[in-house]
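No value in this document is a laboratory result; all are computed from the given coordinates. Note that this is a predicted model, so its numbers are computed, not measured. In this analysis, Cβ positions are derived from the backbone assuming ideal geometry, glycine residues included, and neighbour counts consider all displayed protein chains.
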Amino acid sequence: MSRVVVKVGSSSLTTDDGHLDHAAIGPLVDALVEARGRGDEVVLVSSGAIAAGLGPLGLGARPRDLATQQAAASVGQGALLEFYARSFAEYGLRVGQVLLTIDDVTRRSHYRNAHQTFAKLLELGIVPVVNENDTVATSEIRFGDNDRLAALVAHLVHADRLVLLSDVDALYTGHPSLPDSVRIERVGGEDDLVEVDVTRVGSAVGTGGMVTKIEAARIATAAGVPVLLTNAAQAHEALADEPVGTRFEPTGKRRPARLLWLAHASETKGSLVLDDGAVRAITQGKASLLAAGVSGVEGTFSAGDPVDLVGLGGTVVARGLVNFDATELPAMVGRSSRDLAAALGPEYEREVVHRDDLVVL
């Protein structure tokens, strides 16, 4: 038995006028059910909520402003999940909706809840249907595209592989429409991407493109999860692990899942400038960040927010969840923990960023 995360894009699920394409969704569900029949556990990351809301709202194209996008997502998400629920029910399977924002997976308690929800759904035999929570997400707390979301979910649920289904059947050395373009069957590292065409942008109803898919593959493979990129029409072959599309081989080992989310999913709210000793302690000594190593504070943030940790030369060396508000830190800069405890109280003796909440970039 293996666990597979499958991502399908808006262009594969909707018609040109924004309505759900039932004829396209049916075969996708069939392929997922086949995989379940082989004993695989399946998590579906599905775009299409905003696109599915365009038709009912009478919108001819994807709106540019966030408020209208959220209104379309509110209408479309229900229609999308309803169709998935009816389609899977024909095979005796149930679906469970999981809507995520970046906050849900970078703050410790939220992250733990998300992990436990996925674990329980899979234990109960439910097919999780995942999407970004477009209805409430602000521009500051968005994943930006479901390709990246899928890569992060694949690591969160400890998937054995990630399948990205698009409107393109593989990576090519040139634009897919050109006769001399050649399909790239395998990507083993960055050197294999030198001649890859990334000029194809996302469709009119989606946000992704080849760049986002390559970035998603980088995130997943760096964390030890192999990736297969192909089109939705080859979902059956992809899930059966047949030789279709482009395969991205793992380039790294699994790391603590929450740190992967912190590195790739979070938008920082500010930065802490570190002296050279603190930079060495964090990047080489695997230490926590103490106030004594901080020489400057930039931005507006609250305790628990993600911040960049920056060297004196301006290079971002790490990212972490800060334990103090931006208004508290200026009085703490450069001072020892013992001095802070004596002057401000014992609650100020703790780390500015704990090592468990820090990822070196």
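Packing-wise, with mean Cβ within 10 Å as the measure, how do 38-45, 270-277 rank, highest first? If you can, show how the numbers build up before the last one.
Working: 38-45: 19.8, 270-277: 18.1.
Listed from highest to lowest mean packing, they are 38-45, 270-277.
The peptide list 220-230, 310-320, 116-126, put in order of mean Cβ contacts within 10 Å with the highest first, becomes 220-230, 310-320, 116-126.
At 222 nm, what helix-only mean residue ellipticity would the chain give, in deg cm²/dmol to the nearest 500, using -39500 (n - 2.57) for each DSSP H run of four or more?
Details: 11 runs with 121 residues, N = 361.
Mean residue ellipticity at 222 nm (helix-derived): -10000 deg cm²/dmol.
To the nearest ten degrees, helix 66-89 and the longest principal axis of the Cα atoms of the chain are 50 degrees apart. A straight chain from T283 to K120 at 0.36 nm per residue would run longer than the Cα-Cα distance by 55.1 nm. Against the chain, whose longest principal axis is taken from its Cα atoms, helix 22-37 shows a tilt of about 70°. Taking segment 48-75 and a reference point 7 angstrom along Cα→Cβ of Y91, no backbone N atom is nearer than 15 Å. Given R0 = 51 Å, the distance between the Cβ atoms of L57 and L178 translates into a calculated FRET efficiency of 0.85.
Please work out the FRET efficiency for the pair E82 and E349, using the Cβ-Cβ distance as r and a Förster radius of 51 Å; give the result to the nearest 0.05.
On the way: r = 53 Å, r/R0 = 1.04.
Step by step, r from the Cβ atoms, then E = 0.45.
Among all the lysines, which ones have a C-alpha under 23 Å from K213's C-alpha, if same-chain residues fewer than 8 places away are not counted? Candidates past the 8-residue exclusion: K7, K253.
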